[in-house]
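Read through the structure below, which is laid out as structure tokens, and then see the notes.
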Amino acid sequence: MYFVASKLSREISAPEMRRDYLHDNRLDLCVAYLQHVFGDSLKGARVIDYGCGHGDWALAFRRAGAEHVLAIDAAVDNVRYLHDNSRAMGFDGLDVVQGDLLSQNIGGEKADIVWLYDVLPHVPRPLALLQALRDLAPGAAAQFYINAYDAGSLRQFSVETARQLYPHPGRDAFDLDCLSLTREARRRGGDNLMVSQIEWFSATGFAEILSGAGLEPVERPMGFHSFQGAGSNTEFQPHEALCRGVPAEGAMLWEEPPREYGCDLAVLAAMAREVNFSLTDRQFRTQAAMGLLNTHFANLVGNNACSGTAMEIYLYLFHILDVHGGLRQAEGLARDFIELTEAALSDAPRRQLRAANHAATIARDLCESSIHL
């Protein structure tokens, strides 16, 4: 149903969106990105913004020249906020609906463009959602922007490890527990820890989802993060696809993004298992999760390489085991690397150790440098 709000406010009232505001400069940047992706086809288009959140993209579509935007979100606070603020800011041609296509039908005129930004990772049945959206934009010329989080990334490792150590925190608890985090770690941590689900897609899995919904990817747009001039980093390279609503015969080949730290992930996973076994106290697990997020985001650099970030994460996990007495209990690959690290800490000979021959860049760094914690 269409939501009608009772009051106007420029500030989001929902606790999970605290201190989040709409700004003209943010909308202008979103408009520029939409023009980059869709070009002249924005003019007069009818758009569905599914999972609209607080509505930056919905308002940007109207400002970019779309004739009408249907913004849909399951959260009543998001719907109320967007409805109130679109009126306060003088936007028309925008309908805001509280709903979920996986559990109900949502009517309306057929769309020319479907915008699905950071939604696919958080829905329980992504193929069913795409098929339902396909019904709302059935024309062969309809365009679908879809992105999905990349499986096998360093971001996935850190997020999933933190979620295991600190599962499903509420907003109030997170606001207190995250006080030691940097701003970026706090923002990204909130995004990734408080959602009920995150699914990470391989390139093949992403392509199969698109094909199953009868969508053909015709372009890989530059991601919004890179478009803003923030550079890129191989720790997180979401799949980005602009699709047409036609059968998927002859669709673009989808390849895994290149990464230089693949072998390091096995080492990090082995260390994370030991941390998970060693820490049983809830407070210590929460501290470990916060520290992991801080280590990850504080050590990203503005280029395509992040093997140095992987090394810092490894040393942080080693430190946790050291503080909580878990070094001696470690087994397998973790045990081998702990032995190599202890040799590096004392600057002892280490080329003869088993982990020294591992293909991970962590092994190379531990062999070539003395380490200080």
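One line per residue, one yes/no per condition, for (1) assigned to a loop (DSSP other than H, G, I, E, B); (2) without any contact (Cβ under 8 Å) to a residue 12 or more places away in the chain; (3) touching a helix residue (DSSP H, G or I) at 6+ places or on another chain (Cβ under 6 Å); (4) more than 20 Å from Asn276 (Cα to Cα):
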| position | (1), (2), (3), (4) |
| --- | --- |
| His168 | yes, no, no, no |
| Leu181 | yes, no, yes, yes |
| Ala185 | no, no, yes, yes |
| Asp191 | no, yes, no, yes |
| Val195 | yes, no, yes, yes |
| Glu208 | no, yes, no, yes |
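Looking only at residues of segment 293-337 that are among the aromatic types (Phe, Trp, Tyr) and within 29 Å of the chain's Cα centre (by Cα), we find that the one that is farthest from Glu260 (Cα to Cα) is Phe318. Residue count for segment 28-67 satisfying the condition of being in contact with a Cys (Cβ under 7 Å, 6 or more places away or on another chain) and not hydrophobic (A, V, I, L, M, F, W, C): 1. Scan segment 288-301 for residues that are surrounded by fewer than 18 Cβ atoms within 10 Å (Cβ to Cβ) and among the polar types (S, T, N, Q) and jot them down. The answer is Asn299, and nothing else.
Quick check on my filter: what residues within segment 112-152 are among the hydrophobic types (A, V, I, L, M, F, W, C) and under 30 Å from Leu265 (Cβ atoms)? Hits for segment 112-152 are Leu116, Val119, Leu120, Val123, Leu127, Leu129, Leu130, Ile146, Ala148, Ala151.
Evaluation of Glu249 against the conditions (1) modelled with pLDDT of 90 or more; (2) assigned to a loop (DSSP other than H, G, I, E, B); (3) over 22 Å from Cys30 (Cα atoms) shows that the sole unmet condition is (1). Scanning segment 121-138 for residues that are touching a helix residue (DSSP H, G or I) at 6+ places or on another chain (Cβ under 6 Å) and under 17 Å from Arg244 (Cα atoms) yields a count of 1.
When restricted to residues that are among the aliphatic types (A, V, I, L, M) and more than 14 Å from Leu136 (Cα to Cα), segment 48-72 contains 5. Among the residues of segment 338-356, at least one is under 22 Å from Arg285 (Cα atoms) and buried (at least 18 other Cβ atoms within 10 Å of the Cβ).
The values are calculated or read from the model by the stated rules, or taken from the named source; none is laboratory data. Values in this document were obtained by computation on a predicted structure and should not be read as measured data. No Cβ is skipped: glycine too gets one built from the backbone with ideal geometry, and neighbour counts run over all protein chains shown.
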